[in-house]
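So the structure is just underneath, and the comments pick up after that.
The values are calculated or read from the model by the stated rules, or taken from the named source; none is laboratory data. What you see is a predicted model, and the numbers here were worked out from it, not measured in a lab. Every residue, glycine as well, gets a Cβ built from its backbone with ideal geometry; the counts of neighbours run over all protein chains shown. When the accessible area is computed, the model is the full protein with side chains, heavy atoms only, and any ligands, DNA or RNA have been set aside. Shrake-Rupley method; radii C 1.70, N 1.55, O 1.52, S 1.80 Å.
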Amino acid sequence: MSEEQRPRLRDLFRPRPISTDRTVTTEADEAVPMGLRITAAYAWRMLLIAAVVAGVIWTVIQLKLLVVPLMVGILITALLWPAFSWMLRRRVPRWAAVTLSLVGMLGIVAVLLTLVIWQINQQMDDVRARSAQAVEDFQVFLMDGPLRLTSKQIEEYILQGRSFLSEQADLLWSGALSVGTTAAHVATGAVLALFILICLLADGAGIWRWTLRLFPRAARPAADGAARNGWTTIVNYARTQLFVAAIDAVGIGLGALLLGVPLAIPVAVLVFLGSFVPIVGAVVTGALAVLLALVYNGPWIALAMLGVVIAVQQVEGHILQPIMMGSAVKVHPLAVVLVVAGGSMVGGIPGALFAVPLAAFVNVAAVAVSTGSWRTGDQPDADLIWSTVPRERRRSNR
């Protein structure tokens, strides 16, 4: 076979100039303005992309009881990956590294749950009494204050508020990708996520090699390089969010404890979990801590609690995170809010949790393919949704 007859597989992912030699035009086509032709060409392609995305979302919704545990297992794997890979580099047997990772994770979860249950049991009676007193004081303020409401009006507003909260809670929890509607679904999803986690830690490379065979042979190198870049981004994202969540939880929980806000440990755990939803989770859980202080401790303690929340987030974002993570480049807050909002609209709470890492993975993989960085394995040199790769320091030539 001559050199000209051999297929050049290496050039499949290189951009080529568009050939117009076979373009067939008619008099009707020539009568259409060029701007309208270009607009129509863009329109049908965007409609096709939208149809594909809608089909993927519909498929995910139908398989939500499998997709959500899979995403949970992948995200937890990314969280455990730095410690797990460190043990492998120290020549710890893989089975021992898997066991230590699982035992450590389950031990931390057990300790947190024990502390939460213990403090709730210790302070439940006091919280109930202070709740009743706070509600009574608020009703007195509504009747004797500037609003001058009657008891009947207050009851009507309370009923309307309960109805509104119930509707919003139902809307939030019944998202397209909610974990399940029954306790059995939740338990099944947890067991499945744990099984997926064990499989990914034990034989993640083998699973990926099998998955890679689903791609055409010529596309496998690009798919492999792009996916590895995407996985590196997911691990960096999980490490960053774990650090952010720990700092926020310790700082806000300690501040609530020193200010005498009840249920400081449950608040800290809630802040820790909420911080895995970038920006939005920290704002919502911080606002909850301030509201709890306002209800049980009064406006001055609530103002102090607000100061603690703001101070912790500022210290974490501008001092501790650059020191621990290097000169990290993160996504603009507006993009995070829009991605999280879109994920919550499509998938409820799981959608909000997985929106940013999924968008980051897709973005990095697409940029890796389009820029050709999959050939070298380097980080794509383009605008990314999420990047935590430290900037290289310039060395002066002496």
**OP:** Report the accessible area of M34, computed with a 1.4 Å probe over the heavy atoms of all protein chains in place, in Å² rounded to the nearest 10.
**Re:** 110 Å²
Original post:
Got a number for the accessible area of E155? Probe 1.4 Å, square angstrom, nearest 10.
Top reply: 120 Å²
Original post:
With charges set only on the Cβ (+1 for Lys and Arg, -1 for Asp and Glu), what does the dipole of segment 36-128 come to about its Cα centre, in debye to the nearest 20?
Top reply: 600 debye
Original post:
Which order do W95, W208, W118 take by accessible area at a 1.4 Å probe, largest first?
Top reply: W95, W118, W208
**OP:** Take the Cβ-Cβ distance between I57 and L288 as r, set R0 to 35 Å, and report the resulting FRET efficiency rounded to the nearest 0.05.
**Re:** 0.70
Original post:
What length, rounded to one decimal in nm, is gained on full extension from S163 through to I117, with 0.36 nm per residue of separation minus their alpha-carbon distance?
Top reply: 13.6 nm
Original post:
Under a plain spin-label model, where a point goes 7 Å from the Cα along Cα-to-Cβ, how far apart in nm are T371 and W300?
Top reply: 5.5 nm
Subject >> Solvent-accessible surface (1.4 angstrom probe) belonging to K152, in square angstrom, nearest 10 >> reply: 140 Å²
Original post:
Between segment 228-263 and segment 74-101, how many Å separate their Cα centres?
Top reply: 21 Å
**OP:** Kindly write out, for segment 137-143 in residue order, the coupling ³J(HN,Hα) from the Karplus curve 6.51 cos²θ - 1.76 cosθ + 1.60 (θ = phi - 60°), rounded to whole Hz, with x marking Gly and Pro.
**Re:** 5, 5, 5, 4, 5, 5, 7
Original post:
Can you give the charge dipole size of segment 204-299 about its Cα centre, rounded to the nearest 20 debye, using +1 on the beta carbon of Lys and Arg and -1 on the beta carbon of Asp and Glu?
Top reply: 660 debye
